[in-house]
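To keep things clear, I will list the structure first and then write my remarks on it.
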2 protein chains.
Amino acid sequence: MSANNEFQSVTESATAPTTSNPYGPNPADYLSNVKNFQLIDSTLREGEQFANSFFDTEKKIEIARALDDFGVDYIELTSPVASEQSKKDCEAICKLGLKAKILTHIRCHMDDARVAVETGVDGVDVVIGTSKFLRQYSHGKDMNYIAKSAVEVIEFVKSKGIEIRFSSEDSFRSDLVDLLNIYKTVDKIGVNRVGIADTVGCANPRQVYELVRTLKSVVSCDIECHFHNDTGCAIANAYTALEGGARLIDVSVLGIGERNGITPLGGLMARMIVAAPEYVKSKYKLHKIRDIENLVADAVEVNIPFNNPITGFCAFTHKAGIHAKAILANPSTYEILDPHDFGMKRYIHFANRLTGWNAIKSRVDQLNLNLTDTQVKEVTVKIKKLGDVRPLNIDDVDSIIKDFHAELGTPILKPVNTGLNDLENSNGHASKKVKTSK
Amino acid sequence: MSANNEFQSVTESATAPTTSNPYGPNPADYLSNVKNFQLIDSTLREGEQFANSFFDTEKKIEIARALDDFGVDYIELTSPVASEQSKKDCEAICKLGLKAKILTHIRCHMDDARVAVETGVDGVDVVIGTSKFLRQYSHGKDMNYIAKSAVEVIEFVKSKGIEIRFSSEDSFRSDLVDLLNIYKTVDKIGVNRVGIADTVGCANPRQVYELVRTLKSVVSCDIECHFHNDTGCAIANAYTALEGGARLIDVSVLGIGERNGITPLGGLMARMIVAAPEYVKSKYKLHKIRDIENLVADAVEVNIPFNNPITGFCAFTHKAGIHAKAILANPSTYEILDPHDFGMKRYIHFANRLTGWNAIKSRVDQLNLNLTDTQVKEVTVKIKKLGDVRPLNIDDVDSIIKDFHAELGTPILKPVNTGLNDLENSNGHASKKVKTSK
């Protein structure tokens, strides 16, 4: 069939003004807390359960101060019942006078609650397994027993004048009626928050949205969510929970926690800044993310993942010629995050066979050489040819450009500026812990 | 208020039989392809755009064979127009006789299409930017021009008897009416697939679901989706796209690609196996994931992220005492993924202050020592005390247990089995590239 007869003419709206943020929350979500969320950082509780973690008192205090400076709303600490030192550390952090509220996380048991309320914390996070798996193989209690324990512990903690959260564990594998029933019960007696926990990392975004919306219709208190990352959805689930009406998200630095961890602080900030830029930028010191991640990565002896949102060594590196061309014209073409919001820089990777003449032209300008577009296209062909044979570095490209330029005999117009701007090759930017290209 | 008067009695359903897979697709989603999806692996196209990538011909062939053996449905290669060697490599891979169909990825332009169809590929993936950003700063064309070019290229590729996909670029920042209009046009002239691409990584799951469902009502061909991971949602977006009726997902090994990459093959397998275990296990060689990830990680000189789904060094490590207890009774309590499905093992991390007596009891059994539960609880207190002072390793714990046992004078019952089973300390399991605890 003929092309001209078949395709429909299409409307042209390239210049139409954008009146709202297209990456923001759906305006139909009147319950959404995307622009009004809070962070509970659990690096010093969930993060202590990461395989490599051992934080001494000094390190815990350093991490707590860094999180407080960043602006997290709550800092959650390991149960004072876990070990004698855990209790002392909890007391020490409570005495720091941080802006963030200090929480500790205990089993739903009066023995734990009596110790917790004496540490000086601003609130207690209570958790109990409600799935049939955990009820059968962990604590062996039925839902009536759970409800009775919960009420006793909650009323005791409230009597001490501090905040109380009640969370189920493994919420997505618990019976919905059981869950709603116990949440309604604890809401009536006045908990500050109820928690949903995807303890095994099985939940998907639409399940999360449904459960949070349903729970929102049953309780009047705030909803907190905790997502493990076993199936890679912890950031998306957190975002979708906020859309459904949850208010607080549990995070940890780099997501460290049991197994492969939970929603990472940095990754969630990447997600939230595109949806609620003003709120996020006004509330959190985003340029501190890299320092906090380095602090915790060093403490638990892991590398920052090469593909980490924001701080991964290539998060703001553009390579393909077609991308480089557009980025040079307007960074928004291929960037939803502005690296400068995080104290990071953008890089154009021009020393490779996928490069294009726009990227090379930018390099020629950096070298302060004078070539016409036709000449830049010619030298780009030479660079791509060598790039087909072996990996290139900046020196290779610069040599080719300079040789080409010398053969033309064109004079240098002004003194060479040796300080590279943002648009330098990414090889110079690779994290010290990540091997760089040869 | 009194506990007894206020809480409602709750139903008890711990023993009720589970008749369906609770992590599976929502039965209401009649359009869902969660149990009927296909994979387009783009490690050799999108992955070549990763900052550190340089694949020579031999390495490309090795990766293509590994992906074919794993069972991916399609392998997408860099455009033959990118460089002379790219064209030769494309031709070489087409001649391998793989089960997977071979695709190449080109701009929506006849110059590229004429070269592509001569390489021997089974299909051509055509892409063009449709957002106002890309139209203004990349190619500078309007929607009518795009539609005309698309029809010309599509009819040409179809005339050669090979598959053709038409994809917009930056779909989530494109005008919806423009998008649907052009997709409808290309569907009518018989493309095999239309593609949605979240080129900048801005999309969230509910947006994805809405767009895919809407598009599904407009076209009759398959829908393919491509998600960048800048804001950490690439796996969740892929899953939600399948729920909405998309059929094919673009992946790359470890997610390598422009910036911090796209939906990772391994992470998506983690997500899909919980939703469609029979389909995934019967179609893909899951135990090969680790080898393929190591192959690609070595080639691009990065470490496997410590928190990678499935293959991260701690993905199946359990640490907190309460987790260890339940895992020892039934792994499903704290695991949604079975490590054995991926040729991996489970570890109980017992050498730390968060340990519990059930984990230590398991270690006592491994050491073939004979202690009562009361004695195990006593020795656990000693271990936790030392764990409060400094990081522990297996030898520390074993020494404490053996000293305690020797003091009791209880004889060893049978020869010590020195081969540790799955439940060994995670320190012995840490990837060679990740620093282990001291």
Largest first and in whole Å, what are the equivalent-ellipsoid semi-axes of segment A:156-258 based on the Cα gyration tensor, each being the root of 5 times an eigenvalue?
22, 16, 12
How crowded by other chains is B:166-174, given as the mean number of beta carbons from other chains within 10 Å of each beta carbon?
2
Would you please classify the overall shape of segment A:217-295 from the alpha carbon gyration tensor, given that a ≥ b ≥ c denote the square roots of the eigenvalues, rounded means a/c under 1.5, and beyond that prolate means a/b larger than b/c while oblate covers the rest?
oblate
Scattering profile of segment A:270-382 at q = 0.12, 0.15, 0.22 Å⁻¹ [log10 I(q)/I(0), Debye over alpha-carbon scatterers]:
-0.56, -0.77, -1.16
Per residue of chain B, what 222 nm ellipticity follows from adding -39500 (n - 2.57) for every DSSP H run with n ≥ 4, rounded to the nearest 500?
-12000 deg cm²/dmol
Within 10 Å of each Cβ in B:138-147, the average number of Cβ atoms from other chains:
4
Rounded to a whole %, the carbon-and-sulfur portion of the accessible area of segment B:302-407 at a 1.4 Å probe is 49 percent
Quick query: amide H of residue A:196 versus all other amide H atoms, modeled in the peptide plane; which residues come in under 5 Å with a sequence gap of 5 or more or a different chain?
A:224, A:225, A:226
Label 7 Å beyond Cα on the Cβ vector: residue A:30 copy-to-copy distances, nm:
3.1
Solvent-accessible area buried by A and B, counting both chains, probe 1.4 angstrom, square angstrom:
11500 Å²
Which of rounded, prolate, oblate describes chain B, given a ≥ b ≥ c as roots of the alpha-carbon gyration tensor eigenvalues and a/c under 1.5 marking rounded, otherwise prolate only if a/b is larger than b/c?
prolate
Working from Cα positions, state the angle (0 to 90°, nearest 10) between the long axis of helix B:265-275 and the longest principal axis of chain B.
70 degrees
Shielding by other protein chains, B:204-211, mean Cβ within 10 Å:
6
If you line up the long axis of helix A:176-188 against the longest principal axis of chain A, both from Cα atoms, how many degrees apart are they, to the nearest 10?
70 degrees
Using a 1.4 Å probe and counting only protein heavy atoms, arrange A:117, B:194 so the residue with the most accessible area comes first.
A:117, B:194
For the ranges B:119-131, B:362-374, B:223-235, what's the packing order if you count other beta-carbon atoms within 10 Å of each residue, average per peptide, and put the highest first?
B:223-235, B:119-131, B:362-374
Note down, for segment B:342-394, the three equivalent ellipsoid semi-axes (square root of 5 times each alpha carbon gyration tensor eigenvalue), biggest first, whole angstrom.
19, 16, 8
With bins of 10 Å, the percent of all Cα-Cα pairs of the protein assembly as shown per bin from 0 is 2, 13, 22, 24, 19, 11, 6, 2, 0, 0
Given a 1.4 Å probe and heavy atoms of the protein chains only, how would you sort B:404, B:133, largest accessible area at the top?
B:133, B:404
For segment B:44-130, what ratio Rg/Rh do Cα atoms give with a Kirkwood hydrodynamic radius?
0.94
Using the 7 Å Cα-to-Cβ label point, sort the distances from residue B:91 to its equivalents in the other copies shortest first and give them in nm to one decimal.
7.8
Is there a quick way to get the dipole size of the protein assembly as shown? I mean about its Cα centre, with the Cβ of Lys and Arg at +1 and of Asp and Glu at -1; what is the value in debye to the nearest 20?
300 debye
Using θ = phi - 60° and the Karplus relation 6.51 cos²θ - 1.76 cosθ + 1.60, list the HN-Hα couplings for segment A:193-201 in order, rounded to whole Hz, with x at every Gly or Pro.
8, 10, x, 10, 10, 8, 5, 9, x
Phi-derived 3J(HN,Hα) across segment B:326-342 with the Karplus relation (6.51, -1.76, 1.60, θ = phi - 60°), rounded Hz, x for Gly and Pro, is 6, 4, 5, 7, 6, x, 5, 4, 10, 9, 9, 9, 8, x, 5, 4, 10
Over 30 Å between Cα atoms: which of A:35/A:88; A:288/B:385; A:141/A:188 fall into that group?
A:35/A:88; A:288/B:385
To check you understand DSSP bridge types, tell me what percent of the beta bridges within the protein assembly as shown (both residues inside) are antiparallel, rounded to 5.
5 percent
If we sort B:50-61, A:198-209 on the protection proxy, mean other Cβ atoms within 10 Å, highest first, what's the order?
A:198-209, B:50-61
Between copies, how close do the residue A:140 label points come, placed 7 Å along Cα→Cβ, listed in nm from shortest?
7.7
Percent antiparallel among DSSP beta bridges with both residues in chain B, to the nearest 5?
5 percent
For segment A:107-185 and segment A:265-305, distance of Cα centres in Å:
31 Å
Return one number: the angle in degrees, 0 to 90 and rounded to the nearest 10, between the long axis of the Cα atoms of helix B:289-300 and the longest principal axis of the Cα atoms of chain B.
70 degrees
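The values are calculated or read from the model by the stated rules, or taken from the named source; none is laboratory data. These figures come from a predicted structure and were not determined experimentally. So basically every Cβ, Gly included, is an ideal-geometry build from the backbone, and we count neighbours across all protein chains shown. Surface areas here come from the heavy atoms of the whole protein model, side chains and all, with no ligands, DNA or RNA. Shrake-Rupley method; radii C 1.70, N 1.55, O 1.52, S 1.80 Å.
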